[in-house]
Amino acid sequence: LTKGFTDVEENVRASMLNAGIAIVDSFGKAHGDELLTLFEARMDSSASILGLHSEVEHDLVKQGVVVLLGALACHFDSNIENVELVLDQLIGALSTPSEIVQRSVAERLPPLIKMISSDKEKAS
């Protein structure tokens, strides 16, 4: 994840993100818990732990992981607790002082909030 998301070429970063989304779409339902653990670890790790050389690289990794977390949450329709975990991760990422990360989070929040609201309406 770190190498592809931090490549100097934007088209390589976009290809990595598209490949990640394809993996999540193919394996998210069957391996959602494992993917969630992997993505959470990347979100919670510092730049130095990830072997990154700058905060810009760290922001690029976080941006990519935010998108993948949002894609993964769509596979948790029967497990609202995991959707809430993803939502917590994304809200936590809002504290990142990076516009690209904050914008990515903002784009992913509405569908997750809708899923949680829908679930709460069903429970009522």
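Looking at the P(r) of the chain, how many percent of alpha-carbon pairs lie beyond 19 Å?
46
Label Asn11 and Phe27 with points 7 Å out from Cα along Cα→Cβ: what is the distance between them in nm?
Here the modelled spin labels are 2.7 nm apart.
Pull up the cross-link candidates among the lysines for Lys122, meaning alpha carbon to alpha carbon under 24 Å and not fewer than 8 places away within one chain.
By straight Cα distance, Lys122 reaches Lys29, Lys114.
List the relative contact order of region 14-124 as a percent without decimals, with contacts defined as Cα pairs under 8 Å and 6+ residues apart.
That works out to 27 percent.
Quick one: Karplus J couplings for region 34-51, per residue in order, coefficients 6.51, -1.76, 1.60, θ = phi - 60°, nearest Hz, x for Gly and Pro?
Those phi angles translate into 5, 5, 4, 4, 4, 5, 4, 4, 5, 5, 8, 8, 6, 4, 5, 5, 7, x Hz.
At 222 nm, what value in deg cm²/dmol follows for the chain if DSSP H runs of at least 4 each add -39500 (n - 2.57) and the sum is divided by all its residues, to the nearest 500?
Details: 5 runs with 97 residues, N = 124.
Helix-only estimate at 222 nm: -27000 deg cm²/dmol.
Bear in mind that the values in this text are calculations on the coordinates, not laboratory data. The shown structure was predicted, so the numbers you read here are calculated from the model rather than taken from an experiment. Here the Cβ is made from the backbone with ideal geometry for all residues, glycine too, and neighbour counts use every protein chain on show.
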